[in-house]
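Everything on this sheet refers to the single structure shown next.
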Amino acid sequence: MNRIITLTSTALLAQLACSSPNHKNITRTIDLSPAATPAPGKQVVDAAYQSFSIEFCYMADYAGNNTNPNKFSKQVVQNLYDISGTYPIFRVGGSTQNSAVYFPNQTDVAIIAPFQSEASDQPSHSFIGPKFMESFQQLPEGTRYIYGLNFFQSENETLFNVGDGLDQCVLEAYAAYTALGESLYGFEIGNEVNSWPGGSRRPANWTLQNYVDQWNQYATAISQNLTGKDSMQLFQGCAFIAPRDVSDNITIWNVEHAEMDGMHSNKAKTVADHDYMGANCHYTGAGPTIETSLFNRTNMLSRIWYHDYLGNATVDSGIEYVLGETNSISCQGAFNISDVMASAVWAVDYVLYLSSLKVSRVHFHMGTRYRYSPWQPIYYNDTEAHVKPIYYGNMFNAAVFAGGDKQTEVLVNETNFGAYTVYHKGKPESIVAVNLNMWNSTMDAVHRSYTALSLPRTWNGARVSRLTNPGVDTADNITFAGQYVDGKGRIVGKKSFDKVIDGTVYVGAGEAVLISK
């Protein structure tokens, strides 16, 4: 069954209803008064601020190879360039990079990745060969990559009979460096290693200092092999699981302490943390919901607090702090949360808030079998390649950061409503408002509630791009500025905008708007 989503005439009528609110349903009015300039010290971000992360074992699915390039992925990546003027940066890594082994003599196939069952989200391991590197040549020219390397024990590694893990890491790095050329943004050595002590990969007494020392050993060996020098600023360090401890105890695993233990800017160009809004990892009892995870800004802000702290703590090191892997719900997402409109609306609020802090880039994670993926790259599970709801949030964010040189200030910071001023070269350029109140597709559209935004007269006539659909619980009939993505990955339909009239814009429950001067 092909589930590619298209707009029907009924859906178009629903969209018209969404963009022309019944004034009887205005539940509140919020006065917005953007400052003339951003606060001192606000970070400046580029047009690739909202980027992506592809699970290592699925790179060949997403990009294809020289014989069969993935035209769908190429188109949806090109869409983002056409909107923003810059290609996103792709980090290719995740838990499967830890169990990937490079075999230069495996010349017949790109990747051997056996799954334990049809229901498995990931393979048990990945054996890759030179053809795997062809995938990095298939997305539009100008796309850059962070390549995730394995981090086996330096010697006597028994996993997959690797033996000397340092040699294996250097070998794979050389193959990637040679194949990617100018498209290589950096290397990442190991994924979420702060979960390793006491497991199959490192002993229980493996400390943060041990990790940093070994990371420097591997980075130095790679640098020497590639350039003959001891150090290259070509690495993304840490890639830690969500930080939840920022105490003064230097033995605690976090990026601040890693830098204090010797991870320096002569090798690390970025340090990364990972985070999600909840978990779908074999939980018992009540699991995450839209209301408790994505549309609860208290939940979101409580998690972002750690990134705010760590971004400020590391800002003077010369190493940029990034959110190297993130999405809605961890363990590959949750049905009816990660794969519906709610994820798109949440993604707008989440990224805008992060951009107001010292988080220099955000990478949304994806995989062929994952519920939270922005797009499915190939035919799988009886469906053709298609974009998923969160991709519309990605399109929205690409429009916000188009052209780069942007700064963000928080205007409204409530439990279910957020608003932001976006500055370009120090002057107000746009306002983003996100209404995270629930609205389901089963409800009567004429009763949808709206928040009225009252703006200064200088914003009269500004253009309003609306992200909307009939309800946050469905993946159907999503549009951004009146357009949608068709079965070939193309953005189609005539752009349609609202206007700021008499200083007022309406934002429906479960919608986001971009107000551009």
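Going by the alpha-carbon gyration tensor, a ≥ b ≥ c the square roots of its eigenvalues, is the range 52-405 rounded (a/c under 1.5) or, if a/c is not under 1.5, prolate (a/b greater than b/c) versus oblate?
rounded
Please give the FRET efficiency for I26 paired with V315, using the beta carbon to beta carbon distance and R0 = 45 Å, rounded to the nearest 0.05. Mind dumping the intermediate values first?
Working: r = 42 Å, r/R0 = 0.93.
Using R0 = 45 Å, I get an efficiency of 0.60.
Using a Förster radius of 41 Å, what is the FRET efficiency between S33 and T442 based on their Cβ-Cβ separation? Nearest 0.05, please.
Using R0 = 41 Å, I get an efficiency of 0.65.
Counting pairs on different chains as well as pairs 8 or more places apart, how many Lys pairs in the range 380-517 have Cα atoms under 14 Å apart?
Number of lysine pairs found: 5.
Quick one: angle between helix 390-400 and the longest Cα principal axis of the chain, in degrees between 0 and 90, rounded to 10, please.
80
Taking neighbour counts of Cβ atoms within 10 Å as a proxy for exposure, in what order, fewest first, do K499, K406 appear?
With the sparsest Cβ surroundings first, the list reads K499, K406.
Taking the chain as the reference, fit the longest principal axis to its C-alpha atoms, fit the long axis of helix 208-227 to the helix C-alpha atoms, and give the angle between the two in degrees, 0 to 90, nearest 10.
80
Using unit Cβ charges (K, R positive; D, E negative) and no other charged atoms, how large, in debye to the nearest 20, is the dipole of the range 52-405 about its Cα centre?
Charge dipole, the range 52-405, about its Cα centre: 440 debye, nearest 20.
Can you tell me the 0 to 90 degree angle between the C-alpha axis of helix 71-84 and the longest principal axis of the chain, rounded to 10?
60
Sort M395, M277 by Cβ crowding within 10 Å, fewest neighbours at the top.
M277, M395
Applying a 10 Å radius around every beta-carbon, put 339-348, 294-303 in order of their mean neighbour count, most first. The partial results should precede the final answer.
Working: 339-348: 28.6, 294-303: 18.5.
The most tightly packed comes first, giving 339-348, 294-303.
Roughly how many debye, to the nearest 20, is the charge dipole of the range 217-334 about its Cα centre, given +1 on each Lys and Arg Cβ, -1 on each Asp and Glu Cβ, and no other charges?
280
Output the peptides 356-366, 243-253, 80-90, 439-449 sorted from most to least packed, where packing is the average of other Cβ atoms within 10 Å over each peptide's residues.
356-366, 80-90, 439-449, 243-253
In nm, to one decimal, how far is the modelled label at T298 from the one at K427, with both set 7 Å along Cα→Cβ?
Inter-label distance under the simple model: 4.2 nm.
Would you mind pulling out the separation of the Cα centroids of the range 209-269 and the range 418-447, in Å?
38
Given a cut-off of under 8 Å on Cα pairs at least six residues apart, what relative contact order in percent is computed for the chain? The partial results should precede the final answer.
Numbers: 1211 pairs, mean separation 100.8, N = 517.
Worked out over the chain, it gives 19 percent.
Sort L149, L234 so the one with the fewest other Cβ atoms within 10 Å of its own Cβ comes first.
Values: L149 27, L234 21.
Fewest-to-most Cβ neighbours within 10 Å comes out as L234, L149.
Using r as the Cβ-Cβ distance of I250 and Q224, and R0 as 30 Å, what FRET efficiency do you calculate, to the nearest 0.05? Working shown, then result.
Details: r = 29 Å, r/R0 = 0.97.
In this case the efficiency is close to 0.55.
Counting only other residues whose beta carbon sits under 13 Å from that of V464, what net charge do I get with K and R as +1, D and E as -1?
Numbers: positive: R463, R466, K495, K499, K517; negative: D498, E511.
Surrounding charge for V464 is +3.
Find the relative contact order for the range 322-397 and round it to a whole percent, using C-alpha pairs within less than 8 Å whose residues are 6+ positions apart.
Rounded, it is 39 percent for the range 322-397.
Here, each number is a calculation from the coordinates, and none is a lab measurement. Values in this document were obtained by computation on a predicted structure and should not be read as measured data. A quick note on method: Cβ atoms are made from the backbone with ideal geometry, for glycine too, and the neighbour counts reach across all protein chains shown.
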